[in-house]
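Novice: Structure in structure tokens, see below.
The values are calculated or read from the model by the stated rules, or taken from the named source; none is laboratory data. Computed from a predicted structure; not experimentally measured. So basically every Cβ, Gly included, is an ideal-geometry build from the backbone, and we count neighbours across all protein chains shown.
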Amino acid sequence: MRERLGSTLVLLFSFTAQTQTVPAGWKVIKEGKGACQIAVPPEWVPFGEMSGAATFHDATTAIAVVTSQLGQQFKPLSPGLLRTIGVPKEKMFENSATRIFFQDKTARNPNDSSAFSASVPAKNGSCSCHVVVLPSIPEDVAKKIALSLSPVLEREAP
């Protein structure tokens, strides 16, 4: 009985933690394998069926893409890899055992885009997303999309 209660509480807290990352009214977009998901604002539209992407107006204004990497073990980025990909310290928001989140491109003019990347561990690998937006889209929206990245929870049979 105690083991079952413990398992139920862990699942409940895991589900609660995941659902807290999806802002109210936002749409959930799942990648093609159904293993990973992100959430986007209600005015964004899916970019084709089962594509794991959504856009705002069109793909040149804003696009968010979610993917899964089955079999790829999740781990924080090493200092050497960070130097190689050139992420400045102030643009690395999180590099932990539970999430990697950074800004990999900053807009330099109104026609240029900013981009954010995130990765999280999943049951059999990892989940990743990339969000690219023009300056007309607030960066906090792009960040919320990236932070909504999560594996899709499997519901246990009763």
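Novice: Among the numbered criteria (1) out of contact with any Cys (no Cβ under 7 Å at 6 or more places or on another chain); (2) at pLDDT 95 or above; (3) surrounded by 13 or more Cβ atoms within 10 Å (Cβ to Cβ), which one does Ala64 miss?
Specialist: Tallying (1) out of contact with any Cys (no Cβ under 7 Å at 6 or more places or on another chain); (2) at pLDDT 95 or above; (3) surrounded by 13 or more Cβ atoms within 10 Å (Cβ to Cβ), Ala64 fails exactly one: (1).
Novice: Separate question: When you look at Ala64, is it among the small types (Gly, Ala, Ser), in a helix (DSSP H, G or I) and closer than 23 Å to Gly25 by Cα, yes or no? Write out each step before concluding.
Specialist: Values: among the small types (Gly, Ala, Ser): yes; in a helix (DSSP H, G or I): no; closer than 23 Å to Gly25 by Cα: yes.
Spelling it out, it is not the case that Ala64 is among the small types (Gly, Ala, Ser), in a helix (DSSP H, G or I) and closer than 23 Å to Gly25 by Cα.
Novice: Scan region 22-32 and give yes if some residue there is surrounded by fewer than 10 Cβ atoms within 10 Å (Cβ to Cβ), farther than 18 Å from Leu70 by Cα, modelled with pLDDT of 90 or more and not hydroxyl-bearing (Ser, Thr, Tyr), otherwise no. So that I can check it myself, show each step before the final result.
Specialist: Residues of region 22-32 surrounded by fewer than 10 Cβ atoms within 10 Å (Cβ to Cβ): 24-25.
If we keep only those that are farther than 18 Å from Leu70 by Cα as well, we get 24-25.
Pick out the ones that are also modelled with pLDDT of 90 or more and you get 25.
Narrowing the set further to residues that are not hydroxyl-bearing (Ser, Thr, Tyr) leaves 25.
Yes, because at least one residue in region 22-32 is surrounded by fewer than 10 Cβ atoms within 10 Å (Cβ to Cβ), farther than 18 Å from Leu70 by Cα, modelled with pLDDT of 90 or more and not hydroxyl-bearing (Ser, Thr, Tyr).
Novice: Further, regarding this structure: Suppose the filter is modelled with pLDDT under 95 and either at negative phi or not hydrophobic (A, V, I, L, M, F, W, C) (or both); does Val152 pass it?
Specialist: Details: modelled with pLDDT under 95: yes; either at negative phi or not hydrophobic (A, V, I, L, M, F, W, C) (or both): yes.
When the stated conditions are applied, Val152 passes them.
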